[in-house]
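Take a look at the structure below.
The values are calculated or read from the model by the stated rules, or taken from the named source; none is laboratory data. None of the values given here were measured: they were computed from a predicted structure. Every residue, glycine among them, receives a Cβ derived from its backbone with ideal geometry; neighbour counts consider all protein chains shown.
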Amino acid sequence: MSASSGLRGQCDVCLHANNSHTTAPCPANRCRNRWKRCQVTGGCFRASNNWTYRMCYGCKDHPAAEDSLDFGAPRQKDVTRAQKEHFKQTGDAGGQTSGGELTSSSPPLQSSSP
Ligand SMILES: [Zn+2]
Ligand SMILES: [Zn+2]
């Protein structure tokens, strides 16, 4: 079963096709960030027993909004350019890693480099 969203390109976070992702606007007032989840068959997480959808991008300003997202919009849009830039610079998309944790709660990797 395919749940194609029609989005082009590929996801910066998990490298699966954007077509296998759906996005939702952050429901917080005036927030322009978008949430983006991966729906590839078999799941996106590295753990083979985790078949739930992986949240690749989340809104870092409103993490609590995760409970009230609407991924059913007929016209899908990718996350904002600002979110992509932020992910490029920090490696933190506000979503989940392939291990299933939230990226924002992981310690910085390059803390000890000179
Ligand atoms: Zn993804
Ligand atoms: Zn994926």
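What the table below lists for this structure:
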| item | result |
| --- | --- |
| Condition met for Asn49 (more than 9 Å from ligand 2 (Cβ to nearest atom) and touching a residue at least 60 places away in the same chain (Cβ under 8 Å)) | no |
| Residue list for the stretch 9-49, filter: aliphatic (A, V, I, L, M) and within 8 Å of ligand 1 (Cβ to nearest atom) | Val13, Leu15 |
| Hits in the stretch 42-63 - residues which are assigned to a loop (DSSP other than H, G, I, E, B) and at pLDDT 90 or above | Gly43, Cys44, Phe45, Thr52, Tyr53, Gly58, Cys59, Lys60, Asp61, His62 |
| Residue list for the stretch 1-36, filter: closer than 15 Å to Gly95 by Cβ, hydrophobic (A, V, I, L, M, F, W, C) and within 13 Å of ligand 2 (Cβ to nearest atom) | Cys11, Val13, Cys14, Leu15 |
| Matching residues, the stretch 1-38, being in a loop (DSSP other than H, G, I, E, B) and surrounded by 20 or more Cβ atoms within 10 Å (Cβ to Cβ) | Ser5, Cys11, Val13, Cys14, Cys26, Asn33 |
| Filtered residue count, the stretch 16-32, keeping only those that are touching a helix residue (DSSP H, G or I) at 6+ places or on another chain (Cβ under 6 Å) and not hydrophobic (A, V, I, L, M, F, W, C) | 1 |
